[in-house]
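Participant: My structure is below; once you've seen it, I'll send some questions.
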Amino acid sequence: MRLGGIDKAKIRSEERLQYFELTKSPYWSIEIKGFYVDDSNCLGPSALFAIVDSGTTLLSMPTDDYLKVVNTIRVHANKPLVRFVDHTGYEVGYGWDMHCDHIGNLPRVSISFGGSNLFEIAPDTYMAVYGEQCLIEMSGDSEHMYILGNTFMKNYYTVFDLE
C-alpha cells in the first residue's frame, strides 16, 4: 500500500491506468456493465454499480447473479458443488470437497466497467484451497451492487484518487 501518489514501478510498461467516474457517494463506486464467466454474462438487471472496497475479502454480488456465476463455474468443472457452512450454520459459499487439481481448467471471470477493456480474474485467484477443499471466493449477499474486494483488487494496481 502506498499513500500519496502512484508507484509507477508497479505498473507494467504495456499497461496504463484507467480512470472511472464515481457513480454513488459515499462509496468508491463505479458503473458495472458486465460480469462474465467465459462468454456468459451473469450480470442481472438489478446491479447498477460496483463498490471498490479494500476492506472486503470476497467478490460480492446480488444473490441471483451469484447463483448464475456458481452454476456456470460448476458446469465447466463437471463436478458437483458442495455448499459449505460454518459451525453456526451460516453459508460460507460453494466449492469442492475433493482434491483441487482441476482449478486450472475452470473458466476465467471478467468484469466490464464500460469501454472495450475486460478486467480478468484467473481461476487460481478466485478459488481458495484449504487442504482437500477449494472454495469459490465470491458471495451472494448484496442486493443491488457488486463489491469488488480483495479477490478482484489483488489482480490490479488500484488507485483511489479524489481529484
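Residue-by-condition table, conditions (1) over 13 Å from the mean Cα position of the chain (by Cα); (2) of a type in the set (Ser, Thr, Tyr); (3) within 29 Å of LYS24 (Cβ to Cβ):
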| position | (1), (2), (3) |
| --- | --- |
| LEU48 | yes, no, yes |
| MET61 | no, no, yes |
| LYS68 | yes, no, yes |
| HIS76 | yes, no, no |
| LYS79 | yes, no, no |
| GLY89 | yes, no, no |
| LEU118 | no, no, yes |
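Participant: Considering (1) under 15 Å from SER29 (Cα atoms); (2) aliphatic (A, V, I, L, M); (3) assigned to a strand (DSSP E or B), say which one LEU162 fails and leave the rest.
Facilitator: Checking LEU162 against (1) under 15 Å from SER29 (Cα atoms); (2) aliphatic (A, V, I, L, M); (3) assigned to a strand (DSSP E or B), the one that fails is (3).
Participant: Suppose the filter is more than 17 Å from LEU67 (Cβ to Cβ) and either at pLDDT 85 or above or touching a helix residue (DSSP H, G or I) at 6+ places or on another chain (Cβ under 7 Å) (or both); does GLY115 pass it?
Facilitator: So GLY115 does not fit the description; no.
Participant: Which of the residues that make up region 17-39 are modelled with pLDDT under 90 and in contact with a helix residue (DSSP H, G or I) (Cβ under 9 Å, 6 or more places away or on another chain)?
Facilitator: Within region 17-39, just ASP38 meets the criteria.
Participant: May I ask you to list the residues in region 101-152 that are among the aromatic types (Phe, Trp, Tyr) and either surrounded by fewer than 21 Cβ atoms within 10 Å (Cβ to Cβ) or without any contact (Cβ under 8 Å) to a residue 24 or more places away in the chain (or both)?
Facilitator: If the condition is that a residue be among the aromatic types (Phe, Trp, Tyr) and either surrounded by fewer than 21 Cβ atoms within 10 Å (Cβ to Cβ) or without any contact (Cβ under 8 Å) to a residue 24 or more places away in the chain (or both), then PHE113, PHE119, TYR130 are the ones that fit.
Participant: Of all residues in region 131-159 being modelled with pLDDT of 85 or more and among the aromatic types (Phe, Trp, Tyr), which is farthest from LEU22 (Cα to Cα)?
Facilitator: Of everything passing the filter in region 131-159, PHE152 is farthest from LEU22 (Cα to Cα).
The values are calculated or read from the model by the stated rules, or taken from the named source; none is laboratory data. None of the values given here were measured: they were computed from a predicted structure. In this analysis, Cβ positions are derived from the backbone assuming ideal geometry, glycine residues included, and neighbour counts consider all displayed protein chains.
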